[in-house]
1. Could you tell me the accessible area of Tyr38 in Å² (1.4 Å probe, neighbours in place), rounded to the nearest ten?
2. Filter the trypsin sites (Lys or Arg not before Pro) in the stretch 169-224 down to the DSSP loop ones having no more than 14 other Cβ atoms within 10 Å, then list what survives.
3. Stokes-Einstein D for the stretch 118-241 at 37 °C, 0.692 mPa s, Kirkwood Rh over Cα pairs, in µm²/s?
4. Show me the trypsin sites (Lys or Arg not before Pro) within the stretch 1-36 that DSSP assigns to loop and that have at most 16 other Cβ atoms within 10 Å of their Cβ.
5. Net charge near Lys55: determine it from the other residues with C-beta under 13 Å of the C-beta of Lys55, scoring Lys and Arg +1 and Asp and Glu -1.
6. May I ask you to list the GluC sites (Glu not before Pro) in the stretch 17-118 that are in a DSSP loop and have at most 13 other Cβ atoms within 10 Å of their Cβ?
7. Take the alpha-carbon centre of the stretch 113-157, take the same for the stretch 7-50, and report the distance between them in whole Å.
8. How big is the C-alpha Rg of the stretch 216-257 next to the rule-of-thumb value 2.2 N^0.38 Å, as a ratio?
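The values are calculated or read from the model by the stated rules, or taken from the named source; none is laboratory data. All values reported here derive from a predicted model rather than from experimental measurement. So basically every Cβ, Gly included, is an ideal-geometry build from the backbone, and we count neighbours across all protein chains shown. These area figures cover heavy atoms from the full protein model, side chains too; ligands, DNA and RNA do not enter into them. Shrake-Rupley method; radii C 1.70, N 1.55, O 1.52, S 1.80 Å.
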Amino acid sequence: MTTSVDTIAALLVDAHRQRRPLEAMPPGVGALTREQAYRVQDRVARSLGGVGGWKVGASGPDAEPLAAPLASSLIAASPASLPAGRFNALGIEAEFAFRFARPLPPRERPWSRDEVIGAIGALVPTIEVVDSRLGAWARDEPEWKLADNQSNGFLVHGLEVREWSGIDLPGFPVELWIDGACAVSGEDSGNPARDLPRLAEWLANHLARTRSGLAAGAIVTTGSYTGLLPARAGQTVVARYPGLGEVSVRFTEGAGD
């Protein structure tokens with residue numbers, strides 16, 4: 001079997017627009033490589049209206065990160081209202097993001113950690129809405145999940161925090177509330193990658209090698225502090241970042257436009 005990047009991208013774009021998952025392996029399509037998965041991402045992002053940011057994460061402090069684009073059309077400010085029916089598998093995660101004030105374009109030498117941190121304009125509290133365009137056959141397949149933008153469905157962001165250098169990011173007590181009840185307390189939260197600037201540095205150099213770099217204004221979310229929780233129509237989700245504000249999203253009935 002062969003693997004066509006264009007074919008897979010077209011199927012994922014259609015799954016986005018039709019709001020239904022791919023229920024079976026497409027005929028004649030073989031296994032995806034990581035490089036092909038990243039190429040699929042690029043084609044899907046162009047079809048969805050361009051890139052407004054990125055998600056990057058790692059399963060542990062020393063694990064290799066993975067990245068995926070955030071479509072500009074799938075980013076909004078808090079408070080947000082989203083129709084639950086637009087998602088196939090509705091989940092929620094509270095995350096910190098960085099907003100980049102300066103671009104980090106391709107160049108011959110890698111971007112250093114200090115240069116990447118210096119390009120960050122603000123820390124941004126967020127809620128990532130998790131979704132999948134894949135059927136059960138592929139949701140646990142790493143390369144297919146990567147091609148499907150690491151299961152991004154939407155990103156809701158709060159107010160920017162410009163003075164963030166003194167914040168204890170690994171130990172920050174993020175809270176997640178659903179319909180007024182605490183679902184994840186601050187003492188139970190935490191990002192498994194721990195070092196969020198490491199993720200930003202890796203992403204900047206990944207994009208400098210494989211794309212056109214990291215653009216000024218891009219928002220980069222860095223992985224869940226609360227784990228993945230399910231949500232449903234009628235619920236209001238609030239992520240609280242003590243001292244930094246909160247982010248909220250309400251999931252309405254129906255599928256929207």
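1. Answer for Tyr38: close to 30 Å² accessible.
2. Working: sites: Arg194, Arg198, Arg209, Arg211; in loops: Arg194, Arg211.
Hits after loop and neighbour filter: nothing returned.
3. Values: Rh = 16.3 Å.
The calculation lands on 201 µm²/s.
4. Qualifying residues, ordered by number: Arg19.
5. On the way: positive: Lys145; negative: Glu93, Glu95, Glu128, Asp131, Asp148.
Around Lys55, the surrounding residues sum to -4.
6. Values: sites: Glu23, Glu35, Glu93, Glu95, Glu108, Glu115; in loops: Glu23, Glu108.
Those satisfying the criteria are Glu23, Glu108.
7. Their Cα centres are 16 Å away from one another.
8. Working: Rg = 13.4 Å, N = 42, 2.2 N^0.38 = 9.1 Å.
Output field value: 1.47.
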